[in-house]
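The values are calculated or read from the model by the stated rules, or taken from the named source; none is laboratory data. Note that the structure is predicted; figures quoted are calculated from it, not measured. Here the Cβ positions follow ideal geometry from the backbone for every residue, glycine too, while neighbour counts run over all protein chains shown. Calculation scope for accessible area: heavy atoms of the full protein, side chains included, ligands and nucleic acids excluded. Shrake-Rupley method; radii C 1.70, N 1.55, O 1.52, S 1.80 Å.
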Amino acid sequence: VCSGAPSAARSEQTRHVAGLLRHAAQGVALTSRPLFAGVNGLPWPEDELAQLWQACSLLRELRGDSHLAACAAAGLTRLEANILTELQVGFPRRSYTATRGWAPEAMDQAEAGMARRGLITGDALTGAGASLRADIEERTDRQLDPVIHAIGPYVETLIPLLDGWSAQVIEHG
């Protein structure tokens with residue numbers, strides 16, 4: 001992480017980013033966010049890389065819980081949400097959904113119901129399905145507005161920094 005920076009500077013930068021992300025998440029209600037609440041309840045680690053990992057996990061689970069709430073508000077079942085995501089991303093049919101342990105019969109029924117509602121046709125989203133999926137993303141993002149607001153002016157430098165660190169992690173397997 002932070003290749004090229006001296007070790008002390010790396011540690012301080014990592015600790016600062018972790019603290020900023022943690023602080024930003026603290027203003028969000030735990031209600032109806034079980035995974036976020038679970039990570040939020042963990043003790044804060046002393047090691048700066050563990051702090052960064054935990055802060056990122058906190059925000060990942062917050063977004064995940066918020067996304068599930070948006071899917072439920074849109075009237076989707078868990079299985080339908082999987083199918084909608086799979087088709088929106090462009091994965092081959094059932095390549096993602098089947099990894100979640102759904103029985104083929106359940107997937108058949110969900111797909112048939114979604115086709116009857118005009119959300120999918122064959123292996124693709126309809127206009128209505130794409131619109132619903134976009135609305136779910138917008139509702140999810142709106143639930144994270146308090147976090148972005150809490151990060152404030154740091155967001156412009158934080159995102160490229162985290163993107164760079166992420167690329168380094170991926171590059172090193």
> Take the residues of the range 5-51 that are β-branched (V, I, T) and surrounded by 15 or more Cβ atoms within 10 Å (Cβ to Cβ): which is nearest to H67 (Cα to Cα)?
Replying inline: V28
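Among what's in the range 132-153 and is of a type outside the set (A, V, I, L, M) and in contact with a His (Cβ under 9 Å, 6 or more places away or on another chain), pick the residue that is most open to solvent (accessible area, probe 1.4 Å). Full working, then the answer.
Of the range 132-153, the ones of a type outside the set (A, V, I, L, M) are 133, 135, 137-143, 145-146, 149, 152-153.
Then drop every residue that is not in contact with a His (Cβ under 9 Å, 6 or more places away or on another chain), which leaves 137, 139-140, 143.
Values: E137: 51, R139: 89, T140: 0, Q143: 54 Å².
Going through the qualifying residues, I end up with R139.
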> Using beta carbons and a limit of 6 Å, which pairs, at least six apart or on different chains, have the first residue in the range 129-151 and basic (K, R) and the second one open to solvent by 70 Å² or more (accessible area, probe 1.4 Å)?
Replying inline: R133/Q88
> How about the range 57-108: which of its residues are in contact (Cβ under 8 Å) with a residue 60 or more places away in the chain, within 17 Å of the chain's Cα centre (by Cα) and open to solvent by less than 60 Å² (accessible area, probe 1.4 Å)?
Replying inline: L59, L62, S66, H67, A69, A70, C71
